[in-house]
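Every number here is computed from the coordinates shown, using simple stated rules; none is lab data. Predicted model, so just to flag it, every value in this text is computed and none were measured. Glycine also receives a Cβ, built like all others from the backbone with ideal geometry; neighbour counts cover every protein chain displayed.
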Amino acid sequence: MEFALVFPVLLLFLFGIIDFGVAYDRSLSLRSGVQQGARAAVVANFGATTPIGCVLTGGIPTTSPEGRVMCLTKSKIGLTPQANVRVGIFFVDANGSGAAAYEVGDYLRLCVTYPLTSASGVLGQFLRGTQRSNAEMRIEQVTAPALTPRQEPGVAPC
């Protein structure tokens, strides 16, 4: 009788630990990937070709400089499916006010979102929304053609 009363609580606790662990792992992957993508963008080292299998939404071509930065960031994050990872590129001037351009001395801000879901399926009612991460770094060198602010649908300016 006691086991029948305690077992559902223990299962809920166990699945909560599993879901929290998976969500935390995804959060770390987002943070690491967005930092690597931002670093590549500020040193203008995001490659001449698009990583294989990249999917961008919102009509952003994968061959554009912005598309290559977004695809590189998605590949560094490593979460699947990549189509669920949304990336946005924004610029902030050296004074921290307003939008800027892709110029040495200004700041590039890379924002990423990924849907928060339950890995076990048990706590799906409670795990809804999105996980977000961003990185802001000072632009050290630029490429030609220059990057422009772009974002996939679902990425709010951060």
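Key figures
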quantity: Principal-axis tilt of helix 2-42 within the chain, Cα atoms, nearest 10 degrees; calculated: 10 degrees
quantity: Highest average packing first - 74-83, 34-43, 6-15, Cβ atoms within 10 Å; calculated: 34-43, 74-83, 6-15
quantity: Local electrostatic count at GLN131 - Lys and Arg +1, Asp and Glu -1, tallied over other residues with Cβ under 10 Å; calculated: +3
quantity: Column: log10 I(q)/I(0), Debye, Cα scatterers of the stretch 65-105, q = 0.16, 0.19, 0.20, 0.24 Å⁻¹; calculated: -0.53, -0.66, -0.69, -0.80
quantity: Estimated [θ] at 222 nm from DSSP helical runs (n ≥ 4, -39500 (n - 2.57)) normalised by residues in the chain, nearest 500; calculated: -12000 deg cm²/dmol
quantity: Calculated on alpha-carbon atoms, Rg and Dmax of the stretch 1-91 in Å; calculated: 19.1, 66
quantity: Distance between the stretch 19-42 and the stretch 113-158 - C-alpha centres, whole angstrom; calculated: 9 Å
quantity: Tilt relative to the chain, helix 65-77 - C-alpha long axis, 0 to 90 degrees, to 10; calculated: 30 degrees
quantity: Rg to Rh quotient for the chain, alpha carbon positions, Kirkwood Rh; calculated: 1.12
